[in-house]
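These notes are about the structure you will find just below.
Read the figures in this text as sums done on the coordinates, not as results from a lab. Note that this is a predicted model, so its numbers are computed, not measured. Here the Cβ is made from the backbone with ideal geometry for all residues, glycine too, and neighbour counts use every protein chain on show.
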Amino acid sequence: METLLEKIALHQDYIYIVVLMIFLGIEVIGRVPSVLHTPLMSGANAIHGVVIIGAIIVMGKADPSNYLALGLGFLAVILGTLNVVGGFVVTDRMLEMFRHKQK
Amino acid sequence: MLLTVIYLLASVSFILGLKMLSNPASARKGNLIAAAGMGLAILGTIFLYEESDGTKLGNYGWIFGGLIIGTVIGTLAAKKVKMTAMPEMVSLFNGMGGACAALISITEFNHLAETLHQPHDVQLGEIFPASAAYSAWVGKSIVILAGLIIGSVSFSGSVIAWGKLNGKIHDFAFKGQHLINGLLFLVLLGLAGWIAGVYENANTTVFYVLLILSLLYGVFFVLPIGGADMPVVISLLNSFTGVAAACGGFLYNNKAMLTGGILVGAAGTLLTILMCKAMNRSLLNVLIGSFGGHAGGVAAARAQGNYKEISLSDTAILLTYAHKVMIVPGYGLAVAQAQHACHELEKLLTEKGVEVKYAIHPVAGRMPGHMNVLLAEADVDYDQLLEMEAANEQFSNTDVVLVLGANDVVNPAAKTDPASPIYGMPILEVELAKNCIVNKRSMKPGYAGIENELFFQPKTSMLFGDAKKVLEAISTEIKNL
């Protein structure tokens, strides 16, 4: 029990971030009209592509003689980039059409 | 120092972007803002990231190579994909993110295992009190394992969802599948707990078993869920990937990853629930109630009967002499790419003095908002699109309803038949109109795999054929009248 409390105290800023982000995430999209569900899903999909940062770090830290790490990291960077770039481009294409109709 | 500020800006851009994405007027700008924040975070990481001991990142060739390959393929795929295949594409991109998170976990676990198994690191326990080293190990391995499991499930699940949406994979459910899924889930937790709980267990074999089982779980998780529910599943897997990305944030003490990941995890979960609400179902009902498997029997046996067909010229006459026509677009319209032909017909009828409106069901097509996007592409006026509630008020004074490849969203069984799997879903009450013309390619049931008694009602006439060809033919007939 004591150690658990210590851990919470030690990592409190992370815990605050997580808790606040959960509420923020819910609050921010709370009143989205159903028409925008798909573009919003797609946009959120692109945002979690932020995992690419982790892939870049893995790749950048990899020992150049460790081919397994190099290969995995390289694949991770490609996949992460696909997620980010593809996600934002697809979302933009969807939203482009929404703009049309408002004229 | 600068990198911290960059990550802060990126986090703010994600929040702002998501906020703006939920409003039609600002959505596109929101997307661009989030993209800009992402670009900044990526560049910042490449050039400014430092380990705690001050070493910078290397392997620039590999990093840029990967970035360029990913950018080229991603842009091409996203630009080339047809509007009808958009949901599949989103699912696939989501899977890539999940796979990326899983790969990060694999590499980091290998790294961790190596450092643990190197003899000189035994001294670690002497420098630090054993308990501190142990608790650091537990913390780190939990985050790595969570990233692995969630990322892999999201990856394999997304691939299955992708295959289901484009028709490559069919619904598949067997007896006791939920039980097996539950057991598999417990095994996953148990294995992960065992790896994390025992200090010496940086056991790569068990780790890879865990990877395979996680992938398998993703497959089993999505397989029994009906194809019509895929948008909900994709949205759910989307929030999974968000959490997997957040695990990476813990691993690298990276606040941009953490905020972005948790934000998407929370927003994605809420979005999933909102989507279910649009269909008047609960998330549990979507995940457990496998469409098609058990549903066919009752409804199919009942809804047999006679239907009548209508000719193209009769349709043209009926439409031209109507006062008010309501068009109900569905997936058939999307598949046939008939939105332009539809707009042509609508213009023609409007010239003849007919009032034409579109009745849009929130989940018509394969994803919420699908129809709005397609019709907007064809320049259909925004004011002519009626949402479900508004449309339902107007059907009783509508002369002709033209259903274009929609099925489940106009199935009266949702209101009348408690045994129907779509019972309780709000529908477009097209049967209230004076006439109803249903264009379909054949009498085959819709995506939910259930018969539609609407087709057998006396006021309904069937007009078989590809939506685009039929609409063009009707337009020609009207011009010749």
Quiz prompt | Centroid-to-centroid separation of the stretch A:2-60 and the stretch B:239-258 [C-alpha atoms, Å] | solution = 7
Quiz item: Mind checking the angle between helix B:2-21 and chain B's longest principal axis? C-alpha axes, 0 to 90 degrees, to the nearest 10.
Solution: 20
Practice problem: With an 8 Å cut-off on Cα pairs and a minimum separation of 6 or more residues, tell me the relative contact order of chain B in percent. | Solution: 13
Exercise. List, in order, the whole-Hz ³J(HN,Hα) value for each residue of the stretch B:213-221 obtained from phi through the Karplus relation with A = 6.51, B = -1.76, C = 1.60 and θ = phi - 60°; use x for Gly and Pro.
Key: 5, 5, 4, 4, 4, x, 4, 5, 5
Quiz item: Which of the aspartates and glutamates could a cross-linker bridge to residue B:459, judged by Cα under 16 Å and excluding same-chain residues fewer than eight apart?
Solution: B:309, B:314, B:399, B:429, B:431
Quiz item: ³J(HN,Hα) across the stretch B:169-177 via Karplus (A = 6.51, B = -1.76, C = 1.60, θ = phi - 60°), whole Hz, x for Gly/Pro?
Solution: 10, 9, 4, 9, 9, 10, 4, x, 5
Quiz prompt | Anisotropy class of the stretch B:134-181 from Cα gyration tensor, a/c 1.5 cut | solution = oblate
Quiz item: Which residues' amide hydrogens lie under 5 Å from the amide hydrogen of residue B:355, considering only partners 5 or more residues apart or on another chain, with H built in the peptide plane?
Solution: B:324, B:325
Quiz item: Picking from B:115, B:244, B:432, whose Cα lies most toward the positive end of the charge dipole for the protein assembly as shown (charges on Cβ: Lys, Arg +1; Asp, Glu -1)?
Solution: B:432
Quiz item: Over all distinct Cα pairs, what is the inverse of the mean 1/r for the protein assembly as shown, reported as the Kirkwood hydrodynamic radius in Å?
Solution: 25.3
Practice problem: Translational diffusion coefficient, Stokes-Einstein: compute it for the stretch A:35-103 using the Kirkwood radius over C-alpha pairs as Rh, at 20 °C and 1.002 mPa s, and state it as an integer in µm² s⁻¹. | Solution: 160
Self-check item: Neighbourhood charge, 14 Å Cβ-Cβ cut-off, centred on residue B:160 and excluding it, Lys, Arg +1 and Asp, Glu -1
Solution: -1
Quiz item: When Lys and Arg each count +1 and Asp and Glu each count -1, what net charge do the other residues less than 13 Å away from residue B:207, Cβ to Cβ, add up to?
Solution: -2
Practice problem: Please return the longest stretch of chain B lacking exposed loop sites, where GluC sites (Glu not before Pro) count only if DSSP places them in a loop and at most 13 other Cβ atoms lie within 10 Å. | Solution: B:201-481
Quiz item: In nm², what is the average projected area of the convex hull enclosing the Cα atoms of the stretch B:305-480?
Solution: 8.9
Self-check item: Note, ³J(HN,Hα) from phi for the stretch B:409-417, Karplus 6.51, -1.76, 1.60, rounded to Hz, x at Gly and Pro
Solution: 6, 10, 7, x, 4, 4, 9, 9, 10
Quiz item: Against the longest alpha carbon principal axis of chain B, how many degrees, from 0 to 90 and to the nearest 10, is the axis of helix B:255-278 turned?
Solution: 30
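Answer rounded, prolate or oblate for chain B, using the Cα gyration tensor with square roots of eigenvalues a ≥ b ≥ c: rounded when a/c is under 1.5, else prolate when a/b is larger than b/c, else oblate.
Judged from the Cα gyration tensor, chain B comes out prolate (a/c at least 1.5, a/b above b/c).
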Exercise. Any chance you could tell me what percent of the C-alpha pair distances in the stretch B:87-288 go past 19 Å?
Key: 62
